[in-house]
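To keep things clear, I will list the structure first and then write my remarks on it.
The values are calculated or read from the model by the stated rules, or taken from the named source; none is laboratory data. The structure presented is a predicted model; accordingly, all values stated were derived computationally and were not measured. FYI the Cβ positions are ideal-geometry reconstructions off the backbone, even for glycines, and counts take in every protein chain you see.
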Amino acid sequence: MNWWQKYKLRKLLKRVDSGPIVFLTGAGISAESGIKTFRDSDGLWQNEKIEEVCRPEGFKKDPLKVLNFYNDRRKDVLEAIPNLAHYLISELQAQEKEVYIITQNIDNLHEIAGGKNIFHIHGDLFKDKCNNCKKVVYNENNIELPNKCSDCGAENQMRPDVVFFKETPYLMQEAEALARNAKIFIVIGTSGQVYPAAGLIKLAARCDALVIEINPNPSGNKYIDFVIKEKASKGLLALVELLLKS
Ligand code: OAD
């Protein structure tokens with residue numbers, strides 16, 4: 001971000017009343033930690049079919065394929081560490097009282113970086129759910145076949161507690177309330193193609209938040225007021241500096 005962009009952003013921030021700062025993060029914030037995104041040229045959806053690994057019917061048809069897909073992603077996350085962007089958000093949370101994280105990510109890098117007030121609207125790779133009784137248990141290990149639900153005893157019904165396409169995201173009421181009340185809504189590392197998550201951007205804008213995007217390949221979402229065309233770490237370093245000053 002050059003000096004002229006910084007000057008413009010500083011003026012925009014000065015006009016914002018104090019109030020909640022809400023982040024909406026996507027796969028791009030974990031890219032610098034070595035975690036693959038979905039829709040970039042080397043993304044996960046270039047090599048896997050969504051209908052086979054991220055839909056309820058795919059789990060029904062070939063549960064082992066789905067379990068292995070998420071076991072591989074869990075392994076990648078366990079081998080990764082948070083990057084500067086995750087830590088900058090945690091630092092902002094340490095210095096400002098109302099900072100919230102709505103994340104589409106199922107990794108735990110926000111948590112490892114000391115993040116708080118985190119809303120995983122697409123679920124959590126480190127929780128397992130029984131497809132039969134919906135009981136959820138924490139689990140850092142692979143989900144193998146055969147398996148048995150410790151609650152209802154159903155066999156081979158354990159799956160990662162992640163939201164598949166056609167399923168209802170988690171915590172959307174809370175996320176919508178945060179978007180409505182946000183004074184600054186910061187969108188980092190998401191292509192903004194998946195709803196209802198992406199609808200939070202419009203909701204925040206319609207409720208008079210200043211909407212800022214940090215993305216090296218901006219989404220083009222028309223509800224975004226200011227774009228920082230940088231990777232998450234570099235863009236957030238400049239933004240957090242201005243936020244703490246203003
Ligand atoms: P995508 O893969 O759709 O988009 C990733 C975004 O991150 C793109 O806009 C990239 O330009 C950007 N990006 C890449 N590297 C970056 C970096 N270093 N810093 C900042 N941004 C960077 O991932 P999401 O938008 O998160 O849902 O995808 C949303 C949902 O679609 C996911 O939660 C998942 C997926 O299918 C489900 O599985 C239900």
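Determine whether Pro160 is free of Cβ contacts under 8 Å to residues at least 60 places away in the same chain, touching a strand residue (DSSP E or B) at 6+ places or on another chain (Cβ under 9 Å) and not acidic (Asp, Glu).
no
What are the residues in segment 113-143 that are of a type in the set (S, T, N, Q) and in contact with an Asp or Glu (Cβ under 6 Å, 6 or more places away or on another chain), if any?
Asn139
Quick one: Ile112 ticks every box in (1) farther than 24 Å from Ala204 by Cα; (2) surrounded by 19 or more Cβ atoms within 10 Å (Cβ to Cβ); (3) among the β-branched types (Val, Ile, Thr) bar one, so which box is it?
Status for Ile112: all satisfied but (2).
Mind listing whichever residues of segment 209-223 are among the charged types (D, E, K, R) and away from the ligand (no atom under 12 Å from the Cβ)?
Matches in segment 209-223: Lys222 only.
Which of (1) under 19 Å from the mean Cα position of the chain (by Cα); (2) free of Cβ contacts under 8 Å to residues at least 40 places away in the same chain does Ala94 not meet, given it meets every other one?
Going through (1) under 19 Å from the mean Cα position of the chain (by Cα); (2) free of Cβ contacts under 8 Å to residues at least 40 places away in the same chain one by one, Ala94 breaks only (1).
Could you grab me the full set of residues in segment 16-32 that are within 9 Å of the ligand (Cβ to nearest atom) and either at pLDDT below 95 or crowded, with 20+ Cβ neighbours inside 10 Å (or both)?
Listed by number, the residues that qualify are Thr25, Gly26, Ala27, Gly28, Ile29, Ser30, Ala31.
Okay, residues lined up against (1) more than 12 Å from the ligand (Cβ to nearest atom); (2) small (Gly, Ala, Ser); (3) touching a Leu at 6+ places or on another chain (Cβ under 8 Å):
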residue: Arg159; (1), (2), (3): yes, no, yes
residue: Val163; (1), (2), (3): no, no, no
residue: Cys207; (1), (2), (3): yes, no, no
residue: Asp225; (1), (2), (3): yes, no, yes
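Quick one: would you say Leu88 is of a type in the set (A, V, I, L, M), within 13 Å of the ligand (Cβ to nearest atom) and either touching a Phe, Trp or Tyr at 6+ places or on another chain (Cβ under 7 Å) or free of Cβ contacts under 8 Å to residues at least 12 places away in the same chain (or both)?
The answer is no for Leu88.
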